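Data block below; observations after.
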Amino acid sequence: MFDRDNSGTINFQEFQALWKYVTDWQNCFRGYDRDRYRLSDQFYDILVKKFDRQGRGTVAFDDFIQCCV
């Protein structure tokens, strides 16, 4: 998605765009997360089942990004 020149890697400028994208998502999440992550247990279970790609029982940061996308 950020490999604009299709080189198979991202250069510094492409990484900057990626970093901005991630921080924009973080800011968006924080803007809506007024109660500081207090979601129902049932909702957590749904998120973990859908986005825990490694089967660890947690949603890692990269899983969270996938969830947002």
Report summary line: The condition from (1) assigned to a loop (DSSP other than H, G, I, E, B); (2) farther than 16 Å from Val69 by Cα; (3) among the charged types (D, E, K, R) that Arg53 misses is numbered (2)
Report summary line: Note on segment 14-28: residues open to solvent by 70 Å² or more (accessible area, probe 1.4 Å) and either modelled with pLDDT of 95 or more or aromatic (Phe, Trp, Tyr) (or both) are Phe15, Gln16, Trp19, Lys20, Trp25
Query raised in the report: Within segment 1-11, is even one residue open to solvent by 70 Å² or more (accessible area, probe 1.4 Å), over 14 Å from Val59 (Cβ atoms) and in a helix (DSSP H, G or I)?
Result: no
Query raised in the report: Does any residue of segment 61-69 turn out to be loosely packed, with under 10 Cβ neighbours inside 10 Å and aliphatic (A, V, I, L, M)?
Result: yes
Report summary line: Of the residues in segment 29-47 that are open to solvent by 90 Å² or more (accessible area, probe 1.4 Å) and part of a loop (DSSP other than H, G, I, E, B), the one that is nearest to Asp63 (Cα to Cα) is Tyr37
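The values are calculated or read from the model by the stated rules, or taken from the named source; none is laboratory data. This one's a predicted model, so the numbers in the text were calculated from it and none came from an experiment. Backbone-built Cβ (ideal geometry, glycine too); neighbour counts: all protein chains shown. For accessibility, only protein heavy atoms count, side chains too; no ligands or nucleic acids. Shrake-Rupley method; radii C 1.70, N 1.55, O 1.52, S 1.80 Å.
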